[in-house]
Structure formats: C-alpha cells, structure tokens
Amino acid sequence: MPEEEVTYADVRFKTPKATDAAASPSSDDTTYSEVRILKSDPPVSPNIIQQQTESNRKCHVTSKKAALLLLSLLLVAAVVTLGVTISNKMVSRRNHTESENDQPEDGKHLKCAAGWEIHGEKCYYFTTTKSSWNVSRAGCKDKGGDLVKIDSREEQKFLEARLRDKMEEAEDKFWIGLTDSEEEGRWVWVDGSPLDTGLTFWHIKEPDDWKGENRENPKGEDCVRMGERGGAADLKCWFDKSCNVPHKSICEKSAETR
Ligand SMILES: [Ca+2]
Ligand SMILES: [Ca+2]
C-alpha cells in the first residue's frame, strides 16, 4: 500500500539514519554535535575558568605583596644606612674638629676649638704632657686660656668624672689653677681671687704642706693637683703638692659663640 510504503519509506529513511548514527536517535545527533562543539571548550568550563581566574588573581596579588615587601625592606635598609652615615659624620665632626653645646642656654650657641671639651660655657683642655705647675700654666696661656679655676660643685663633678677616664694610675693627677706660693695657707686662684672656703674639695688630711718628700723644695707643697682614678668620695680629690713635680694639667677658657 502506498501509505504503508510511505510509512516503510519513512522507516527506511529512519534506518540509514539509525545506522549512521550507530543506534543513536536524532536527538542524540543533536547532542553529539553539541558535544563536538563543546569538545573545544570543555577544559574551559565556567567553573574551571573561575578557578583559574581566582588562582591567577591570587598569584598576581601574592606577587604584588612580595614586590611591596621587597621594596619596603630596601627602603628600610636605605634609611638605616643613611642614619648610620649621618650619625658617624656627626661623631667624627665632633671628635676631630670642634665641640659644641647641643642645648644652648639663653639662645647662645657655643663652641670650643679642636682638642678642647665644652662644658657649660667653658672649654677644657686636658694636657697629657707632664710639667711643673709654672710650665703647665704657661702652656695653658699659650693656648689662650689658663689653668682651670673651679667655681662650682657642678664644675668639680664634671672634672672629677673626666679624670676618672683619663688617669692611667693613682699618681697620674692633673694640676689645677690654685696655689699658696705667695703666702703659706692663703690659697689663691690664677685669676687672683681667693679660694672660697665654702667651696673646697680637699682630700682627707689635705692640704698638709708636707716637706718630707721634697729636699729641693723646703717650702713644702704650694700647688694643687686633683684626681682619683677610682673616683673620689664626695668629689674630694684636691691635694697640695710641690710645684716642681711634673704633672698633667687642666686648661680652661671661655667658649666662643658661633
Ligand atoms: Ca703650701
Ligand atoms: Ca699634700
């Protein structure tokens, strides 16, 4: 029958399709074609793309952090190096050229020449050459100063502390600008002013004007030296001594304004 043939024909039409498609329905063909289309894309499924994107983003962020950390470390190293360099230059300048006061009083900026140490408004020079009191004093005058005159407990404290560092042994004491060579027992500073009896720092049993040690100097001991290497009790470290004995000395002069 034509209708059946038509139907058969329909079946035959279906058969080649079924054979070609290996028993897969036409809908499967469509699916297969979709699968083939997907073939090029499957590795790039949305989930994987998202994961890769997030992974890439994390890597990118991690790289940025590492770069920032490295830059920070380099910056810190540069700042530290700069600070050390500036500090060394300041120390070097202070040690080798001149000393200056960091906190000026009354707006005055004071300084001392090379080799002198500043304290308050004065400059001090610790002479390491050993000489008699008179020769030591002449040396201080040549430098524009004089042997030190101690005007306050604070000044005595400063000098006593400095000598602790500078003295090499117990007798390595320093001349100061005090003498009674004009008249025994009348102590006078190098500027001619009398010793203030309320501001003295004699060591115990001093001054004793001892004559036993100095056959060449029957006058006794008329010049004053100071210092205790291990530190002085209550700052008391003045000793009268024969003026002819060679000693180191402390010179003093006023600081200069800059
Ligand atoms: Ca004396
Ligand atoms: Ca003495």
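The values are calculated or read from the model by the stated rules, or taken from the named source; none is laboratory data. Since the model is a prediction, treat every value here as computed from it, not as a measurement. Cβ sites come from the backbone with ideal geometry, for glycine too, and all protein chains shown count toward neighbours.
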I'd like the full set of residues that are modelled with pLDDT of 95 or more, touching a His at 6+ places or on another chain (Cβ under 7 Å) and more than 11 Å from ligand 2 (Cβ to nearest atom), limited to the range 227-258.
236, 237
Quick one: would you say residue 224 is within 14 Å of ligand 2 (Cβ to nearest atom), out of contact with any Pro (no Cβ under 7 Å at 6 or more places or on another chain) and β-branched (Val, Ile, Thr)?
yes
Quick one: which of 165, 142, 151 is surrounded by fewer than 14 Cβ atoms within 10 Å (Cβ to Cβ), within 20 Å of residue 256 (Cα to Cα) and free of Cβ contacts under 8 Å to residues at least 60 places away in the same chain?
142
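Every residue, every condition in (1) under 15 Å from residue 235 (Cα atoms); (2) of a type outside the set (A, V, I, L, M, F, W, C); (3) at pLDDT 95 or above; (4) within 16 Å of ligand 1 (Cβ to nearest atom), yes or no:
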| residue | (1), (2), (3), (4) |
| --- | --- |
| 158 | yes, no, yes, no |
| 161 | yes, no, yes, no |
| 167 | no, no, yes, no |
| 177 | no, yes, yes, yes |
| 184 | no, yes, yes, yes |
| 191 | no, yes, yes, no |
Please indicate, with yes or no, whether at least one residue in the range 196-203 is crowded, with 18+ Cβ neighbours inside 10 Å, outside any loop (DSSP other than H, G, I, E, B) and more than 16 Å from ligand 1 (Cβ to nearest atom).
no
